[in-house]
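The values are calculated or read from the model by the stated rules, or taken from the named source; none is laboratory data. These numbers come from a predicted model, not from an experiment. Cβ placement follows ideal geometry from the backbone for every residue including glycine, while neighbour counts extend to all protein chains displayed. Note: areas computed on protein heavy atoms with side chains; ligands, DNA, RNA excluded. Shrake-Rupley method; radii C 1.70, N 1.55, O 1.52, S 1.80 Å.
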Amino acid sequence: MRGVSAVVAAATVCFIFFFSGAVAPLCICNNAQAADYPTRTITLVVPYPPGGGVDAMARVIAEQLSSALGEQVVVDNRAGGSGLVGTRTFIKSPPDGHTLFLGHTGSIAINPSLYANAGFDPGRDFTAIGLIASMPVVLLAHPSFPAKTIGDVVALAKKEGATFNIGTSAVGTGGYLSAELFKAVTGIEATIIPYKGTAQVMNDLVGNHLPVAFGVLPPALGNLQAGTLRAIAVLGPARFSQLPDVPTADESGLPGFESVLHYGLLAPFGTPRPIIERLNAELRVLLENAQLQQRIVSEGGDPLASTPEEYAKDIEREAAKWGALVRRLNLKVE
């Protein structure tokens, strides 16, 4: 019965004003809806399998939002189709704030350009809530791999040609596009092997079934710390705090080569503005918390807060950047 009286009262006001020709009722109803929000468990959709970078970030945020909102936030992994299955399902969710989406550069900014029939438009089907973090892609290798720098990798890949394999997460992810960009920039003829999820890439890399892979840090950090994986280079503008001894690509023999993914929270298009503002406010408060900031860093990212409008513009910029690469390399998937 929580909040029922507030909703009934607001509905009565809306009814009166609607039939008197006023424009105010929509605002009043939306405000009442936001004041009562949330009223039940919130589902946070992740369009990838458990164990990857998106999943790790979702679980950190879900735990903190549960406490902030007073209702449980449950992570729902809807994997398949390089993120398309979960994304297409999500955009059909009711726009009431009880189903949210953990978006990242691959699912939101890359897939619409990469797939001819992606089935969604981020500007038309989503409402941005706010950014959460940025995370650099890393070039990873088995400890026995002989190359020590990106320059060494390029030399070896040129020698081996198409028999040189590079592992990545699914087609359309930042790891996959990083590998395509790497091939284009260096002119190597390596073979990219995309997996369904990042965790599977790490398993094959640890098992020495792959020489190198492009991926994010969350599923790799444990193995890096244990010495069962080795990071050759971080593809960010600066060294990452968790891996201070690992050079950037620029320092490791490939100047200007960067790939940094952005993570954020989204709602279905049409979600009332007061709910978006409530979620953004809670998210920004959480991202100011030193403990949460450390959690994000420990998962391989850097905290990155924004307004809804700033996140929407970020998606536009990333879509333009990666879309240009897709077109230049003719990577479009039918």
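Worth pointing out:
- Subset tally (residues that are within 19 Å of Leu229 (Cα to Cα), assigned to a loop (DSSP other than H, G, I, E, B) and either among the charged types (D, E, K, R) or modelled with pLDDT of 95 or more (or both)) for the range 167-208: 2
- Looking at Leu69, Leu65, just one residue is out of contact with any Pro (no Cβ under 8 Å at 6 or more places or on another chain) and at pLDDT 95 or above, and that residue is Leu65.
- When Leu283, Leu265, Leu261 are checked against the criterion of being out of contact with any Leu (no Cβ under 9 Å at 6 or more places or on another chain) and surrounded by 13 or more Cβ atoms within 10 Å (Cβ to Cβ), Leu261 stands alone in meeting it.
- Verdict on Pro237 being in a loop (DSSP other than H, G, I, E, B) and within 18 Å of Glu299 (Cβ to Cβ): no
- Residue in the range 213-223 that is without any contact (Cβ under 8 Å) to a residue 12 or more places away in the chain, under 29 Å from Ala312 (Cα atoms) and in contact with a strand residue (DSSP E or B) (Cβ under 7 Å, 6 or more places away or on another chain) present: no
- Residue within the range 229-245 that is charged (D, E, K, R) and within 18 Å of the chain's Cα centre (by Cα) present: no
- Whether a residue is more than 20 Å from Arg239 (Cβ to Cβ) and touching a helix residue (DSSP H, G or I) at 6+ places or on another chain (Cβ under 8 Å) was assessed, and Gly174 does not pass this test.
- Consider the range 139-166 and keep the residues that are assigned to a helix (DSSP H, G or I) and basic (Lys, Arg). The one that is most open to solvent (accessible area, probe 1.4 Å) is Lys159.
- Consider the range 199-224 and keep the residues that are in contact with a Phe, Trp or Tyr (Cβ under 8 Å, 6 or more places away or on another chain) and open to solvent by less than 20 Å² (accessible area, probe 1.4 Å). The one that is nearest to Gly323 (Cα to Cα) is Phe214.
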